[in-house]
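In what follows, a structure is listed as structure tokens, so that the remarks can point back to it.
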Amino acid sequence: MSDTRDMSDLKRDVRDAKTDVKEAWRNVDGESLGDKVANTTDRAKDELANAGDELHEQADKASREASYQQGRADELSRSR
């Protein structure tokens, strides 16, 4: 396992911590239906943001791979 973490992992952890704090604050006076809706909405927003980060990360990876392959093809065509 690598010692480095992806930025998306760090962002996910920050989002989770932020939402946990918001949920705890809402529950101080007891949990109401409005609190449940707000908590669910926050979790859904976090999941969408996490999915967007993952998609962005995969697109970057595909772009880097395509650039690498293009560079290899360019080098091969020059050496002939």
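The values are calculated or read from the model by the stated rules, or taken from the named source; none is laboratory data. Since the model is a prediction, treat every value here as computed from it, not as a measurement. Every residue, glycine among them, receives a Cβ derived from its backbone with ideal geometry; neighbour counts consider all protein chains shown.
General remarks:
- For the stretch 28-80, a tally of residues being over 27 Å from the mean Cα position of the chain (by Cα), in a helix (DSSP H, G or I) and among the polar types (S, T, N, Q) returns 2.
- Among (1) without any contact (Cβ under 8 Å) to a residue 24 or more places away in the chain; (2) surrounded by 10 or more Cβ atoms within 10 Å (Cβ to Cβ), the one test that residue 30 misses: (2)
- For residue 5: the one exception among (1) assigned to a helix (DSSP H, G or I); (2) without any contact (Cβ under 8 Å) to a residue 12 or more places away in the chain: (1)
- Pairs where the first residue, in the stretch 15-26, is touching a residue at least 12 places away in the same chain (Cβ under 8 Å) and surrounded by 12 or more Cβ atoms within 10 Å (Cβ to Cβ) and the second is assigned to a helix (DSSP H, G or I) and among the acidic types (Asp, Glu), C-beta under 7 Å, 6+ apart: 15/46; 16/46; 19/42; 19/46; 22/42; 26/35
- Screening residue 9 on (1) of a type outside the set (S, T, N, Q); (2) surrounded by 11 or more Cβ atoms within 10 Å (Cβ to Cβ); (3) modelled with pLDDT of 95 or more shows it passes everything except condition (3).
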